[in-house]
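The values are calculated or read from the model by the stated rules, or taken from the named source; none is laboratory data. The structure displayed is predicted, hence computed values, not measured ones. Don't worry about glycine lacking a Cβ; one is built from the backbone with ideal geometry, like all the others, and counts go over all protein chains shown. These area figures cover heavy atoms from the full protein model, side chains too; ligands, DNA and RNA do not enter into them. Shrake-Rupley method; radii C 1.70, N 1.55, O 1.52, S 1.80 Å.
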Amino acid sequence: QLQASGGGLVQAGGSLRLSCVVSGRAFSDVVLGWFRQAPGKEREFVATIARSGRRIYYADSVKGRFSISKDKAKNTVWLTMNGLKPEDTAVYYCAAGDSRWDAIKVRGDDYDFWGQGTLVTVSS
């Protein structure tokens, strides 16, 4: 089970930090990711972090502005978003995927478990 939180309304240029608590899975055995879906658009990849935490990958659209991190002791993965733009407005989802290897995954189909989503709205 994944429980996402931290969304809200923010002005362009502002920051938000999304949190996702992972339960029911061995936290150290899953690859974690963040995806988003804007109104009228398909879900898109945002960021992923491998089991070890040593491999991280971002979508080009958020590179340099967003940061993914995790804490095993808290079973939590975060998405820190800085320099937000109106085009970042979307429902953000955290996801977890079983991973035998220390892989990073960018396809939503490669994830097995999804959170309920948290809405981020960026005003201009």
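Checking each residue in segment 45-68 for being touching a residue at least 40 places away in the same chain (Cβ under 8 Å), in a strand (DSSP E or B) and either open to solvent by 40 Å² or more (accessible area, probe 1.4 Å) or among the basic types (K, R) (or both) picks out I56, Y57. Checking each residue in segment 88-124 for being out of contact with any helix residue (DSSP H, G or I) (no Cβ under 9 Å at 6 or more places or on another chain), touching a residue at least 12 places away in the same chain (Cβ under 8 Å), among the acidic types (D, E) and surrounded by fewer than 18 Cβ atoms within 10 Å (Cβ to Cβ) picks out D102, D110, D112. Against the list (1) in contact with an Asp or Glu (Cβ under 9 Å, 6 or more places away or on another chain); (2) modelled with pLDDT of 95 or more; (3) of a type in the set (A, V, I, L, M, F, W, C), the condition A103 fails is (2). So which residues in segment 31-56 are over 11 Å from the mean Cα position of the chain (by Cα) and not aliphatic (A, V, I, L, M), if there are any at all? Once the filter is applied, which keeps residues that are over 11 Å from the mean Cα position of the chain (by Cα) and not aliphatic (A, V, I, L, M), segment 31-56 yields Q37, P39, G40, K41, E42, R43, R51, S52, G53, R54, R55. Those residues that are of a type outside the set (G, A, S) and under 17 Å from W78 (Cβ atoms), I need them from segment 1-24; list them, please. Within segment 1-24, L2, Q3, V10, L16, R17, L18, C20, V21, V22 qualify.
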